[in-house]
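The values are calculated or read from the model by the stated rules, or taken from the named source; none is laboratory data. What you are looking at is a predicted structure, and each value in this text was computed from that prediction instead of being measured. A quick note on method: Cβ atoms are made from the backbone with ideal geometry, for glycine too, and the neighbour counts reach across all protein chains shown.
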Amino acid sequence: MFGLNLFSLLSGALNRRFQNHSDETQLRRELLAHRRRELLYQHIPDVYAAQAAFGQRFDELLNLLISYDPGQLRKLAAESPYYPEMARTLLYQLAGIDTIEKMRELLRQETSLWFGQRIISAAELDMLTAALWQWHTT
């Protein structure tokens, strides 16, 4: 009985230790990703300036991103601060996009910067690219 309780306590302590380490690792990754985005986009105005500059186009792009949900946030997509930020960074980079291949690469880059490397499948990226290309060229 005592051996089983001791084993339970030790395994519980180890589980908490590994969970804390995992949480710390995830937090470090998120902080590094945030800092990387800050450095990459330091020349791009903030979300409020983008909303004012692009008006309805900003809202259209934001709704497109929410509907395709490349971050797979599901119910949280509409309230997420990531999609307005992603819309902001995309809008300021779309001027140089003149082919669907460049659009796909831009979306792949942006989704990995905002949501991690493997969050969106190739098929989902293709669907989002087609929708964004159609929106961009109309």
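Considering only residues that are of a type in the set (A, V, I, L, M, F, W, C) and farther than 20 Å from ILE44 by Cα, which ones fall in segment 79-131? Give the derivation first.
Step one: of segment 79-131, the residues of a type in the set (A, V, I, L, M, F, W, C) are 86-87, 90-91, 94-95, 97, 100, 103, 106-107, 113-115, 119-120, 122-123, 125, 127-128, 130-131.
ILE100, ILE119, ILE120, ALA122, ALA123, LEU125, MET127, LEU128, ALA130, ALA131 - these are the residues of segment 79-131 that are of a type in the set (A, V, I, L, M, F, W, C) and farther than 20 Å from ILE44 by Cα.
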task = Select from segment 120-138 the residues that are surrounded by 15 or more Cβ atoms within 10 Å (Cβ to Cβ) and over 20 Å from PHE58 (Cβ atoms) and list them in ascending order.
result = ILE120, GLU124, LEU125
task = Have a look at ALA52, ALA87 and point out the one that is without any contact (Cβ under 8 Å) to a residue 12 or more places away in the chain and either in a helix (DSSP H, G or I) or assigned by TED's automatic domain parsing to the domain that holds LEU128 (or both).
result = ALA52
query = Got a number for residues in segment 27-81 being closer than 18 Å to GLU124 by Cα and among the β-branched types (Val, Ile, Thr)?
reply = 1
Positions within segment 64-76 being surrounded by 14 or more Cβ atoms within 10 Å (Cβ to Cβ), without any contact (Cβ under 8 Å) to a residue 12 or more places away in the chain and not in a loop (DSSP other than H, G, I, E, B), in sequence order = none
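Within segment 93-116, is even one residue assigned to a loop (DSSP other than H, G, I, E, B), out of contact with any Ser or Thr (no Cβ under 6 Å at 6 or more places or on another chain) and surrounded by 18 or more Cβ atoms within 10 Å (Cβ to Cβ)?
Taking segment 93-116 first, the residues assigned to a loop (DSSP other than H, G, I, E, B) are 97-99, 116.
Checking the rest, the ones that are also out of contact with any Ser or Thr (no Cβ under 6 Å at 6 or more places or on another chain) come to 97-99, 116.
With the extra rule that they be surrounded by 18 or more Cβ atoms within 10 Å (Cβ to Cβ), the set shrinks to 97.
Within segment 93-116, one or more residues are assigned to a loop (DSSP other than H, G, I, E, B), out of contact with any Ser or Thr (no Cβ under 6 Å at 6 or more places or on another chain) and surrounded by 18 or more Cβ atoms within 10 Å (Cβ to Cβ).
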request  = Could you list, in sequence order, all residues of segment 29-49 that are among the hydrophobic types (A, V, I, L, M, F, W, C), within 15 Å of MET86 (Cβ to Cβ) and either without any contact (Cβ under 8 Å) to a residue 12 or more places away in the chain or part of a loop (DSSP other than H, G, I, E, B) (or both)?
outcome  = ILE44
